[in-house]
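Take a look at the structure below.
Taken together, the values in this text are just the output of simple stated rules run on the coordinates, not laboratory data. Here the structure is a predicted model, which means the values were calculated and not measured. Ideal geometry is used to build each Cβ from the backbone, glycine not excepted, and the neighbour counts take in all protein chains shown.
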Amino acid sequence: MVLKVSDRCDLCNGNAAAPILELPPHTIVRCTVCGLVYVTPRPALAELTGIYDEAYFRGTGPVGYRPDENYIGDDTRLDIFIERTVAVERYRRPPGVLVDVGCATGFALRAARDRGWDCLGIDVSEFAVNYAREHYGLNVLKGTLCEAAMPSESVDALTMWDLLEHVPSPRKECVEANRVLKLGGVLALATPDADCPCPSPEACDPAKADFWQAKPPEHLYYFSPATISRLLAETGFYVVNLTSYGPGDRRLGAMEVYALKVRTLPG
Ligand SMILES: [Zn+2]
């Protein structure tokens, strides 16, 4: 079955998609042209922003982290962000400006600041922004990357850890990342890998067993190595490293991508 969808594909602008999973009121579909997996209907930014409140991060709300994850207080998470910052530095070293979009309570910024980067965080969550300022003295803005209206070619490294799957238009984020990054600057991101099979179908919600990262309206896009690579190539980046994590790693089911800005998009 192929649906004609009103939310056009963010990658190829197609409007034909095949349903993968019904999670009312949302449907997860795969674009029949380029293979991008996404959620329809697509929530508006204002609706999305409301999700990321204190309950989301503390694990006491209907969506978000689980209470036993202790997201905010679990400083063992810092290790992952130190490792990621070290990976960024293979391509660009501090001193320099590093912007973390979707910074949440500031793990990535703490790691980067400790390594000598001049850091700015951006997040739509008022709770997270206030927390990052008050607890860690971080330089953070509330809003989106576009709303931050940064000068063109002013940034050395831009990170989007677990961001693109949450935003209304990943293409728009990458286009703006291209504009603010210097030529040769690094874009680093992590997002679920839609091609990663469910590690334990027997323990998974049966409705989601075939597509276990399904989490609308938090997760609106499910990239594969192929679709994320196409998006980055079309927005002026050259992928230098793409790693997908399997069993045995805390990042199971996620992929990390490091890309360099190799051309400036026409304005
Ligand atoms: Zn498409």
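Of the options Y136, A104, G61, report the single residue whose Cα projects farthest towards the positive end of the charge dipole of the range 1-160 (beta-carbon charges: Lys, Arg +1; Asp, Glu -1).
A104
Of the listed peptides 24-32, 108-116, what is their order by residue-averaged count of other C-beta atoms within 10 Å, with the highest listed first?
Per-residue mean Cβ counts within 10 Å order the peptides as 108-116, 24-32.
Pick from Y56, Y221, Y38: which residue has the top mean-square fluctuation in a GNM of the chain where Cα pairs under 10 Å get a spring?
Y56
Could you give the length gained on full extension between S152 and A233, defined as 0.36 nm per residue of separation minus the Cα-Cα distance, in nm?
Value of the extension gain: 27.2 nm.
Picking from R250, R42, R93, which is most flexible by a Gaussian network model of the chain using Cα springs under 10 Å?
Ranking R250, R42, R93 by mean-square fluctuation puts R250 first.
Hey, fewest Cβ within 10 Å first, where do L138, L183 land in order?
Taking fewest neighbouring Cβ atoms as first place, the list is L183, L138.
What nm value, rounded to one decimal, do you get for the distance between D249 and D114 when each label is placed 7 Å out toward the C-beta?
Placing both labels 7 Å along Cα→Cβ, they lie 2.1 nm apart.
Among DSSP beta bridges lying fully in the chain, give the percent that are antiparallel, nearest 5. Numbers along the way, then the final one.
On the way: 28 of 45 bridges.
Rounded to the nearest five, the antiparallel share is 60 percent.
Separation of the range 194-239 and the range 112-186 by C-alpha centroid, Å?
Each part reduced to its Cα centre gives a spacing of 22 Å.
With 30 Å as the limit, write out which pairs from K142/K182; K142/K208; K4/K172; K142/K261; K4/K208 have Cα-Cα distances beyond it, or answer none.
K142/K208
When the chain is treated as a GNM, springs tying every alpha-carbon pair under 10 Å, which of M150, M255, M160 comes out with the largest mean-square fluctuation?
M150
Taking the Cα centre of the chain as origin, work out the dipole magnitude from +1 charges on Lys and Arg Cβ and -1 charges on Asp and Glu Cβ, in debye rounded to 20.
The dipole magnitude comes to about 840 debye.
What distance in nm separates the simple spin-label points at S169 and V2, each placed 7 Å from Cα in the Cβ direction?
Here the answer is 2.5 nm between the modelled labels.
For each cysteine in the chain, check whether another cysteine's C-beta sits under 4.7 Å from its C-beta; list those where none does.
Taking the Cβ cut-off of 4.7 Å, the unpaired cysteines of the chain are C103, C119, C146, C174, C196, C198, C204.
What nm value, rounded to one decimal, do you get for the distance between N241 and E83 when each label is placed 7 Å out toward the C-beta?
1.1
When the chain is fully extended, how far beyond the present Cα-Cα distance does L183 get from R93, taking 0.36 nm per residue of separation?
31.0 nm
Can you give the translational diffusion coefficient of the range 44-261 in µm²/s, computed by Stokes-Einstein from the Kirkwood radius over Cα pairs at 10 °C and 1.306 mPa s?
Reported coefficient: 90 µm²/s.
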